[in-house]
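A.B. asks: Have a look at this one before I ask anything.
The values are calculated or read from the model by the stated rules, or taken from the named source; none is laboratory data. As the structure is a computational prediction, the values presented were derived from the model and not from experiment. We place every Cβ from the backbone using ideal geometry, glycine too, and count neighbours over all the protein chains shown.
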Amino acid sequence: MRNQMNLPDDNERNGVSPQVTAAMVMTACVTLLIIVIVLIANRKPSHHDQTGVQSANATSPVILAEPDTANALSPDDLDFWNMYPAEDGTSAEQSSGSALTADNTPEVGPVDEALPPEATDGRHTLVINRDGKEEWVTITPYLPKNDYDHTSFVLQSGRMAYYSDGKEVSYLGMCVDKYDDYVDFNAAKNDGIDFVMLRVGVRGYGTGSITLDEYYADNLSRASQAGLDIGLYFTSQAITAEEAAEEAVALISAIADYRITYPLAIDIGFVSNDTSRIEKLSKTEKTAIIRVFADTIKAAGYTPAIHADKEFLIKEIDLSKFTDVDIWLDNPGDLPDYPYAFTMWEYSDNATVDGVRGYSDLTISFIDYTQK
C-alpha cells in the first residue's frame, strides 16, 4: 500500500510558524498605535485651540504661559454670529436689544425728560413770560372756553382758514398802520383778504401823548371803496380812566360816515426792551382802565374788543370782567393755545400780501361781524 505524506504550507516552507506570524502582526499594530498617540499628544494646536498653551516642537516641554488679560478672548468674542447685520441694518446683538458697554453692563440710551404733570392734566396752560421763562398757569373753570377743533385749521400758502363740516367758516384779515405806507386795497382783496383792521393812532409809552396815524383817513376811504370790511384799533398806554375814554373817542371820531362792521379794539401790552407806562399799574387798575374803553365803545353802538397776547390776557387783567367783550388774540404760530373764548386770532406777523410792501400781520375771524 502506498504511504500518504502531509505537505507543508507556505509559512512552514519559509521556516516561519503561524504562531510567530501572529505575534509579529500584533507587535506591529501596538507599535503603530503608540506612534499615533504620541503624535496626537504633541501636535501644534490650531488658532482656535490656543488657550495660553505654547508648543515649540514634539520634544520640547509643555509650558503654561501667564494669561494675557489684555488680549484674552471671552466666549462673547467667539460668538461670530453677531458680526453679521440683521435685515434692518443692525447687528443681531442690537436687534435683540442687548447692547453692552465696555464693562459688559447694559447700555442705557438717553432718557427723555418727563413732562411736568401740569402739561397733561388738562387744568393748566403754558405761558411764556416776557423774560422768556415758562410758567404753567391754572385754567379757571369759571371763564367761557373756546371749542375750536385744532384739526379743522388749514394753512395753505400762508393763508389760515377754519373749517366746519368741510366748509370754510373763517374770514381773513390784515392789520394796516402808517408803517405800511401806501396799500393797494384792491390787490389785497384779490389776494384773498376779507377785512382790514386799521390803526387810527397810538399813545406814547413814555410821554403819554396821542399821535394819530397820518394815513388812517386815506386808508379808511380806499379800503371802503375796495369793498373790504373794516375794523379799527388804537394802540394804548392809558394809565387812567380818562385816557382810556380819550382813546375810545378817537376811534369813534375816525369813523365819520363809513360803515364799520368789525370791532373797535384797544391794542394793549408791554413794549420790548424798554419800560412802558402801564407797568406801574396793578392788575385791578389795568382791568378798570380797559373796562372804561370797552364801555365807551359799546355806548356808541359798536363792538369792543381787546387785542393782546396770551401772557397779558391771562396774567395782567381780570378776564372775568370782560365776558361781554370780544378777544382778538395776538398769538402767532401754527395753532392757538389760548384756553378761553376768543373771536379773532392774529396768527402771523410776517406774511406777504399783494398790494402791501413788506410783511403783514394776518388775522382770521371766526365769526362774520357783518351779520352780528
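A.B. asks: Check residue 320 against each of (1) assigned to a helix (DSSP H, G or I); (2) surrounded by fewer than 20 Cβ atoms within 10 Å (Cβ to Cβ); (3) of a type outside the set (Lys, Arg); (4) under 28 Å from the mean Cα position of the chain (by Cα) and name the one condition it does not meet.
C.D. replies: With (1) assigned to a helix (DSSP H, G or I); (2) surrounded by fewer than 20 Cβ atoms within 10 Å (Cβ to Cβ); (3) of a type outside the set (Lys, Arg); (4) under 28 Å from the mean Cα position of the chain (by Cα) applied to residue 320, the lone miss is (4).
A.B. asks: Report, by residue number, each residue of the stretch 332-363 that is closer than 19 Å to residue 183 by Cβ and outside any loop (DSSP other than H, G, I, E, B). Talk me through it step by step, then tell me what you get.
C.D. replies: The first filter runs over the stretch 332-363 and keeps only residues closer than 19 Å to residue 183 by Cβ, leaving 346, 348-363.
Listed by number, the residues that qualify are 346, 348, 349, 350, 351, 360, 361, 362, 363.
Residue-by-condition table, conditions (1) surrounded by fewer than 13 Cβ atoms within 10 Å (Cβ to Cβ); (2) aromatic (Phe, Trp, Tyr); (3) without any contact (Cβ under 8 Å) to a residue 60 or more places away in the chain:
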position: 191; (1), (2), (3): no, no, no
position: 198; (1), (2), (3): no, no, yes
position: 201; (1), (2), (3): no, no, yes
position: 205; (1), (2), (3): no, yes, no
position: 210; (1), (2), (3): no, no, yes
position: 214; (1), (2), (3): yes, no, yes
position: 224; (1), (2), (3): no, no, yes
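A.B. asks: State yes or no: is residue 162 of a type in the set (Phe, Trp, Tyr), in contact (Cβ under 8 Å) with a residue 40 or more places away in the chain and part of a loop (DSSP other than H, G, I, E, B)?
C.D. replies: On the way: of a type in the set (Phe, Trp, Tyr): yes; in contact (Cβ under 8 Å) with a residue 40 or more places away in the chain: yes; part of a loop (DSSP other than H, G, I, E, B): no.
No: the conditions fail for residue 162.
A.B. asks: Say whether the condition of being in contact with a strand residue (DSSP E or B) (Cβ under 8 Å, 6 or more places away or on another chain), hydrophobic (A, V, I, L, M, F, W, C) and without any contact (Cβ under 8 Å) to a residue 60 or more places away in the chain is met by at least one residue in the stretch 350-361.
C.D. replies: Checked against the condition, which is being in contact with a strand residue (DSSP E or B) (Cβ under 8 Å, 6 or more places away or on another chain), hydrophobic (A, V, I, L, M, F, W, C) and without any contact (Cβ under 8 Å) to a residue 60 or more places away in the chain, the stretch 350-361 yields no hits at all.
A.B. asks: Here is a follow-up. Is there a residue being modelled with pLDDT of 95 or more, surrounded by 17 or more Cβ atoms within 10 Å (Cβ to Cβ), touching a Lys or Arg at 6+ places or on another chain (Cβ under 7 Å) and farther than 22 Å from residue 347 by Cβ anywhere in the stretch 286-302?
C.D. replies: Scanning the stretch 286-302, I find at least one residue that is modelled with pLDDT of 95 or more, surrounded by 17 or more Cβ atoms within 10 Å (Cβ to Cβ), touching a Lys or Arg at 6+ places or on another chain (Cβ under 7 Å) and farther than 22 Å from residue 347 by Cβ, so the answer is yes.
A.B. asks: Here is a further query. I'm trying to understand the selection: among the residues of the stretch 257-293, which are assigned to a loop (DSSP other than H, G, I, E, B), of a type in the set (Val, Ile, Thr) and closer than 16 Å to residue 206 by Cα? Walk me through how you get there before you give the answer.
C.D. replies: Of the stretch 257-293, the ones assigned to a loop (DSSP other than H, G, I, E, B) are 257-263, 269-276, 281-282.
Still in the running and of a type in the set (Val, Ile, Thr): 260-261, 271, 275.
Hits for the stretch 257-293 are 271, 275.
A.B. asks: A further question on this structure: Considering only the stretch 227-242, state which residues are in contact (Cβ under 8 Å) with a residue 40 or more places away in the chain, surrounded by 19 or more Cβ atoms within 10 Å (Cβ to Cβ) and either under 18 Å from residue 296 (Cβ atoms) or among the aliphatic types (A, V, I, L, M) (or both). Let's see the steps before the verdict.
C.D. replies: Step one: filter the stretch 227-242 for residues in contact (Cβ under 8 Å) with a residue 40 or more places away in the chain, giving 228-229, 231, 233, 236-241.
Checking the rest, the ones that are also surrounded by 19 or more Cβ atoms within 10 Å (Cβ to Cβ) come to 228-229, 231, 233, 236-239.
Selection gives 228, 231, 233, 236, 237, 238, 239.
A.B. asks: Go through the residues of the stretch 245-257 one by one and say whether even a single one is among the β-branched types (Val, Ile, Thr), in contact (Cβ under 8 Å) with a residue 24 or more places away in the chain and in contact with an Asp or Glu (Cβ under 8 Å, 6 or more places away or on another chain).
C.D. replies: There is no residue in the stretch 245-257 that is among the β-branched types (Val, Ile, Thr), in contact (Cβ under 8 Å) with a residue 24 or more places away in the chain and in contact with an Asp or Glu (Cβ under 8 Å, 6 or more places away or on another chain).
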